[in-house]
Amino acid sequence: TMRMLLVNMINSLDGFAVVAQTEDPKEVKDLIKKHNPDVMSLDMNLPGMTGVDLLRKLMPEIYIATVVVTSLDIKVSHIVLEALEAGAVDYLKKPDMANIDEFKTSLEQKLRVAANANESKSCNKAEIKSSNLDFTPDALKGSRIVLGASTGGTEALKVVLLSLPRNIPPTVLVQHIPAAFSGAFADILDRLCPFKVVEGKDGELLEEGKVIVAPGGKQIEVVRSKGGVESVKIFDQEKHPSGHIPSVDSLFESAKKAFSRHNVVAAILTGMGSDGAKGMKQLKNAGAYTIGQDEASSVVYGMPRVAAELGGLAEVLTLNDIGKGIVKAANALPVSSNRKRTVNE
């Protein structure tokens, strides 16, 4: 039933046509070879295997841009994240009758993005390597790091974080992600990274050696009390003017105020749209060091592109070099907002 709904829906989209369909995962490879499709939609529950199993077998031999269409709940959250790790570009919640129109709009958007993705931009192909630099004692106390990402960001953030040293300055990140997934995403990062990674809770303290992940379906801001205590504020809100919950702009804009006494390093990674671009510009104008992911390594060169167009980036780096860039910038001495800032090699 779901497959037929997708077939009819995709065939009604301008510029799209379904060339094949199957319920047997064993047929997928031959169908791809025969029809050479631009994109594939994939359920996670298949006869005899999961969608993750299929991607792990298929991707090393034949790359096919893939959008996962599945239920989004805590029971399958880790499976969908594994599918992204295995090479899927994006994911989408199966519709119900109440949101068919919204689903069709999202389906078209994600299929178009996936169809324009290619194997060379797949984040699971990125090389995870250490920055070979350590944060200085002054950086640990005086620097703050904020990160933002969207489509392709779960794997991009993994690459960046795994390249950072064990001891890092207080760090907060926003990844556009449903509420059911953010906890699992934080847990995966916590298992992989040499430092602590947690899903943020209201009032969670910013600390050295800890990364806070914005919870899905909530807005996040960083705040500083009169006594100088820094924490995150988690709250319900209609979509930020950027159009997202959580919003990268919301985080970056609050960081401009809360971290005015600190050396701030911000990085904006792969993602569709413009969320975070205005916030990056504000941070740069306030003296923060701002880094954007380059087009060649971005699954979707949207958010970093707009940030660059607005003049919000001090530096553009390939994904594999962003960790090194963050360490260098955090170790640099803070400067006032009216002076240019450079990071020496």
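Structure remark: mean-square fluctuation, Gaussian network model of the chain, C-alpha springs under 10 Å; the largest value among Leu31, Leu147, Leu319 belongs to Leu31.
Ellipsoid semi-axes for segment 203-246, based on the Cα gyration tensor and the rule √(5λ), read 22, 12, 7 Å when sorted largest first.
Within the assembled protein chains, the solvent-accessible surface assigned to Tyr63 is about 50 Å², based on a 1.4 Å probe.
Largest first, the three principal axis extents of the alpha carbons in segment 229-277 are 31, 25, 13 Å in whole numbers. Taking Ala288, Ala184, Ala20 in turn, the Gaussian network model of the chain (Cα-Cα springs below 10 Å) assigns the largest fluctuation to Ala20. Rounded to the nearest 10 square angstrom, Asp294 shows an accessible area of 30 square angstrom against a 1.4 Å probe.
As a length-normalised measure over Cα pairs under 8 Å and 6 or more apart, the relative contact order of the chain settles at 14 percent. In percent, rounded to a whole number, the relative contact order of segment 236-339 is 28, using alpha-carbon pairs under 8 Å and six or more apart. If you plug the beta carbon distance of Lys57 and Gln109 into 1/(1 + (r/R0)^6) with R0 = 22 Å, you get a FRET efficiency near 0.20.
Structure remark: mean-square fluctuation, Gaussian network model of the chain, C-alpha springs under 10 Å; the largest value among Gly87, Gly48, Gly142 belongs to Gly48. Is the C-alpha gyration tensor of segment 138-296 telling us rounded, prolate or oblate? Criteria: a/c under 1.5 is rounded; beyond that, a/b larger than b/c is prolate, otherwise oblate. Because its axes are fairly even, with a/c under 1.5, segment 138-296 counts as rounded. Shape analysis of segment 163-251 based on the Cα gyration tensor places the equivalent ellipsoid semi-axes at 21, 17, 10 Å, largest first.
Of all DSSP-defined beta bridges confined to the chain, some 20% are antiparallel rather than parallel. Compactness of the chain, taken as the C-alpha radius of gyration over 2.2 N^0.38 Å, stands at 1.00. Modelled spin labels at Asn285 and Arg261, positioned 7 Å past Cα toward Cβ, are 2.4 nm from each other.
Net length available on complete extension from Leu205 to Asp14 is 63.9 nm, with 0.36 nm assigned per residue and the Cα-Cα distance removed.
The values are calculated or read from the model by the stated rules, or taken from the named source; none is laboratory data. All of these numbers come straight from a predicted model, not from anything done at the bench. Ideal geometry is used to build each Cβ from the backbone, glycine not excepted, and the neighbour counts take in all protein chains shown. Remember, those area values only see protein heavy atoms, side chains included, never the ligands or the DNA or RNA. Shrake-Rupley method; radii C 1.70, N 1.55, O 1.52, S 1.80 Å.
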